Amino acid sequence: MPLIIKDEYPEKLFREDGKRLDGRKENELRPIKMEVGVIKNADGSAYLEWGNNKIFAAVYGPRDVHPHHLAKPDRGILRVFYRMTTYSVFERKKPAPGRREKEISMVIADCLRPVLFLELYPSTSFEVFIEVMDADGGTRCASTTVAALALADAGIPMRSLVSSVAIGKIDGKIIVDLSGIEDKAGEADLPCAITWFNEEISLLQFDGDMNLKEMNESLDLAKDALKLIHEKQNEALKCKYIEIQKEEEKNSQENDNGGVDLK
Ligand code: ADP
């Protein structure tokens, strides 16, 4: 599926065979790939491909606070910088962060903060830089998910991970994980996130038209989708530690052999 081309929205968002335009069922997520430890200079990092979205997250902290006046003597602060690169969307986007990026940075920080023990890090900062290289709908959810993973990769104590997905309504039906076209041409968009340690919703935004029954249906669909996303986050973290374990085993074998690889 191509990224959105402005003013080329299709009239119908379901195909003749009842599937969505990209071949998905109503409750189906786009393909998701996650990897941690992808940026050497960061304390923690992660990369996410979610459908056509391609997003990096890098975490730096705990570090000194700049500018100093933002420091809190009794706790650390979390700052999130969500940015879409100029050509991450079809039409050139101005490089300076607009209101949308500032708002998304704020909501992502709000939904990550509850899982951190910021009270243990007075006068320090944790900074999360999120770069959306390709955008195709649901980037705030994908960014929240990948940012939580980068925080975990940084080894920062966390109460749990945070997972996020957007539920929406297209052609009168409730669907999981809107693509860019579905987001633009659909009837409603409901991005949500969950903090797993208390299973509370830490992000719930809404744009469009839904009745109460549809809203409840959306939240039920979100629960199942969020569980799948959480599993993928855990797998990505485990993968890194399996690689580290393999590397350790290889190194200790080499040491046993007097540093010479006999294979
Ligand atoms: P989200 O990415 O969280 O769904 P929005 O609903 O604001 O956030 O945006 C939906 C989609 O619209 C984005 O994922 C992106 O593909 C596209 N988009 C956002 N901002 C722009 C922009 N300035 N120019 C072109 N497309 C954009």
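The values are calculated or read from the model by the stated rules, or taken from the named source; none is laboratory data. This one's a predicted model, so the numbers in the text were calculated from it and none came from an experiment. Ideal geometry is used to build each Cβ from the backbone, glycine not excepted, and the neighbour counts take in all protein chains shown. To get the accessible areas, we keep the full protein, side chains included, count just its heavy atoms, and leave off ligands, DNA and RNA. Shrake-Rupley method; radii C 1.70, N 1.55, O 1.52, S 1.80 Å.
Residues in the stretch 63-79 that are buried (at least 18 other Cβ atoms within 10 Å of the Cβ) and assigned to a strand (DSSP E or B): 2 in all.
Filtered by the rule that a residue be under 27 Å from residue 90 (Cβ atoms), open to solvent by 60 Å² or more (accessible area, probe 1.4 Å) and modelled with pLDDT of 95 or more, the stretch 172-215 gives 173, 187, 206.
Tallying residues that are more than 18 Å from residue 52 (Cα to Cα) and touching a Lys or Arg at 6+ places or on another chain (Cβ under 7 Å) within the stretch 6-25 yields 2. Return the residues of the stretch 80-100 that are away from the ligand (no atom under 14 Å from the Cβ) and open to solvent by 60 Å² or more (accessible area, probe 1.4 Å); say none if nothing qualifies. None - no residue of the stretch 80-100 is away from the ligand (no atom under 14 Å from the Cβ) and open to solvent by 60 Å² or more (accessible area, probe 1.4 Å), so the list stays empty. Looking at the structure I just gave you, is residue 186 closer than 17 Å to residue 225 by Cα, of a type outside the set (S, T, N, Q) and touching a Gly at 6+ places or on another chain (Cβ under 9 Å)? For residue 186, the condition - closer than 17 Å to residue 225 by Cα, of a type outside the set (S, T, N, Q) and touching a Gly at 6+ places or on another chain (Cβ under 9 Å) - is not met.
If you go through the stretch 101-113 one residue at a time, how many are away from the ligand (no atom under 11 Å from the Cβ), among the aliphatic types (A, V, I, L, M) and either open to solvent by less than 20 Å² (accessible area, probe 1.4 Å) or in contact (Cβ under 8 Å) with a residue 40 or more places away in the chain (or both)? If you could, list the steps in order and put the result at the bottom.
The first filter runs over the stretch 101-113 and keeps only residues away from the ligand (no atom under 11 Å from the Cβ), leaving 102, 105-106, 109-113.
Checking the rest, the ones that are also among the aliphatic types (A, V, I, L, M) come to 106, 109, 112.
Next cut, either open to solvent by less than 20 Å² (accessible area, probe 1.4 Å) or in contact (Cβ under 8 Å) with a residue 40 or more places away in the chain (or both) only: 109, 112.
Adding up the residues that qualify gives 2.
Within the stretch 37-57, being of a type outside the set (Ser, Thr, Tyr), open to solvent by less than 50 Å² (accessible area, probe 1.4 Å) and within 14 Å of the chain's Cα centre (by Cα) holds for 46, 48, 49, 50, 51, 52, 53, 55, 57. Checking every residue in the stretch 216-235 against the condition of being surrounded by 10 or more Cβ atoms within 10 Å (Cβ to Cβ) and either at positive phi or among the β-branched types (Val, Ile, Thr) (or both) gives at least one match.
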